[in-house]
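Report on the structure given below.
The values are calculated or read from the model by the stated rules, or taken from the named source; none is laboratory data. Keep in mind it's a predicted model, so treat the numbers as computed, not measured. Because the Cβ atoms are built from the backbone with ideal geometry, glycine has one as well, and the counts that use them run over all protein chains shown. Heavy atoms of the whole protein, side chains included, go into the accessibility calculation; ligands, DNA and RNA do not. Shrake-Rupley method; radii C 1.70, N 1.55, O 1.52, S 1.80 Å.
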Amino acid sequence: MEVEEEVLFDLAKLCDQYQVERLFTHCMHQLTKGLTHQNAVTRLVQAHACEGGGDMWGKLQCATWRYVARNFKGIWRDAQPTLERLNKEHGELFLQLIDGVLRK
């Protein structure tokens, strides 16, 4: 079953809120597995917004950080507007990302 990314993320938040563990775990797996150059920065912002929300949100955030750091050049090439929007709307998060990429 295919679910749009925004719906999947919102569904994961609701499952977490109402403690529907099995569906929540499935959503988190799909969110992690479905990372692409085009959606990784948006997913990073979403995961960052849920920081402190629990172990699974932390795992999503870590997986997304790793993906973006490893694929930064490809994201820059294929989805540069997402990085520009990150810099404009979430400057501190963008600086953390750049710092992590440069230390790699």
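The set of residues from region 15-27 being in contact with a Cys (Cβ under 9 Å, 6 or more places away or on another chain) and either in a loop (DSSP other than H, G, I, E, B) or not charged (D, E, K, R) (or both) comprises C15, L23, F24, T25, H26, C27. Among the residues examined, G58 qualifies as at pLDDT below 90, open to solvent by less than 70 Å² (accessible area, probe 1.4 Å) and not charged (D, E, K, R). Set side by side, the residues G74, G58, G100 differ, and just one is closer than 21 Å to Q17 by Cβ and not β-branched (V, I, T), which is G58. Contact annotation: residue pairs with Cβ atoms under 9 Å, 6 or more positions apart or on different chains, pairing a residue in region 10-30 that is open to solvent by 50 Å² or more (accessible area, probe 1.4 Å) with a partner that is at pLDDT below 95 and β-branched (V, I, T), are L11/V3; L14/V20; Q30/V3. For region 40-63, the candidate set comprises residues that are farther than 20 Å from L14 by Cβ and in contact (Cβ under 8 Å) with a residue 24 or more places away in the chain; within that set, the residue that is farthest from the chain's Cα centre (by Cα) is A63. Checking the structure you have, find out if any residue of region 61-68 is of a type outside the set (F, W, Y) and touching a Phe, Trp or Tyr at 6+ places or on another chain (Cβ under 9 Å). For region 61-68, residues of a type outside the set (F, W, Y) and touching a Phe, Trp or Tyr at 6+ places or on another chain (Cβ under 9 Å): absent.
Residue-wise test of (1) open to solvent by 80 Å² or more (accessible area, probe 1.4 Å); (2) in a loop (DSSP other than H, G, I, E, B); (3) among the β-branched types (V, I, T); (4) under 19 Å from R103 (Cβ atoms).
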| residue | (1), (2), (3), (4) |
| --- | --- |
| L35 | no, yes, no, no |
| T42 | no, no, yes, no |
| E51 | yes, yes, no, no |
| R85 | yes, no, no, no |
